[in-house]
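Asker: Let me give you the structure first, and then I'll get to my questions.
The values are calculated or read from the model by the stated rules, or taken from the named source; none is laboratory data. Please read these numbers as outputs of a predicted model, since none were measured by experiment. Neighbour counts are summed over all protein chains in view; Cβ atoms, including those assigned to glycine, are modelled from backbone coordinates with ideal geometry. Just the protein is used for accessible areas: all its heavy atoms, side chains included, with ligands, DNA and RNA removed. Shrake-Rupley method; radii C 1.70, N 1.55, O 1.52, S 1.80 Å.
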Amino acid sequence: MEERQQLTKAGYKKLQDELRDLIENVRDEVKKQLAEARAQGDLSENADYDAARNRQAEVEGRIKEIEDILSNAVIIDEDKKKGNRVALGNQVTIKFVETGKQEQYLIVGTVESDPFAHKISNACPLGEALVGASVGDIVEVKSKIPYKVEIVKIGA
């Protein structure tokens, strides 16, 4: 049995949109590229054909991956996240104890994780440390070099 993927409503919609684009647009583009490459003749030494076949495999693989994620998705209940403890779907402002620097992160499931966009997974060391904590709590992040953060604010 596959693991249930936890997604925010926005993350679920983003995956649905990507899937729709891959099926309705990208798949057709790749078919055209394959047809054009086939028209060039000998396929045994046709780099365009090989590239189109590789692209087709990538697209079909991504379609299958998204379909699997969506079929096993659990959408985070937006109402449940409005408590006084950090949970999936919460925006959290933290302060690094050592430096005093503050950062804001959105706690998401692993599929939506994008550290560069300040979306961290509940399964990463920082996310694991934050989930279940309350404003004012100081938690230790168990990483290669452990560090402590204080929860400053939960919510937007």
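Asker: Considering only residues that are open to solvent by 40 Å² or more (accessible area, probe 1.4 Å) and among the hydrophobic types (A, V, I, L, M, F, W, C), look in the stretch 125-138 and name the one that is farthest from Gln91 (Cα to Cα).
Answerer: Ile138
Matching residues to (1) over 15 Å from the mean Cα position of the chain (by Cα); (2) closer than 18 Å to Asp17 by Cβ; (3) of a type in the set (Gly, Ala, Ser):
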| residue | (1), (2), (3) |
| --- | --- |
| Ala52 | yes, no, yes |
| Ala57 | yes, no, yes |
| Ile66 | no, yes, no |
| Leu70 | no, yes, no |
| Ile94 | yes, no, no |
| Lys101 | yes, no, no |
| Ile107 | no, no, no |
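Asker: Conditions first: (1) at pLDDT below 90; (2) touching a His at 6+ places or on another chain (Cβ under 6 Å). Tyr105 passes all but one, so which condition is the exception?
Answerer: It is condition (1) that Tyr105 fails.
Asker: Can you tell me which of Val141, Val59 is free of Cβ contacts under 8 Å to residues at least 40 places away in the same chain, in contact with a Phe, Trp or Tyr (Cβ under 7 Å, 6 or more places away or on another chain) and either open to solvent by less than 40 Å² (accessible area, probe 1.4 Å) or within 30 Å of Ala35 (Cβ to Cβ) (or both)?
Answerer: When all the criteria are applied, what remains is Val141.
Asker: Look at Ile151 and say whether it is β-branched (Val, Ile, Thr) and crowded, with 16+ Cβ neighbours inside 10 Å.
Answerer: It is true that Ile151 is β-branched (Val, Ile, Thr) and crowded, with 16+ Cβ neighbours inside 10 Å.
Asker: Let me ask you something else. So, in the stretch 63-76, of the ones that are of a type outside the set (A, V, I, L, M) and open to solvent by 70 Å² or more (accessible area, probe 1.4 Å), which residue ends up nearest to Thr8 (Cα to Cα)?
Answerer: Ser71
Asker: Mind listing just one residue for me: the one in the stretch 11-50 that is of a type in the set (A, V, I, L, M, F, W, C) and loosely packed, with under 14 Cβ neighbours inside 10 Å and, of those, modelled with the lowest pLDDT?
Answerer: Here the residue is Leu43.
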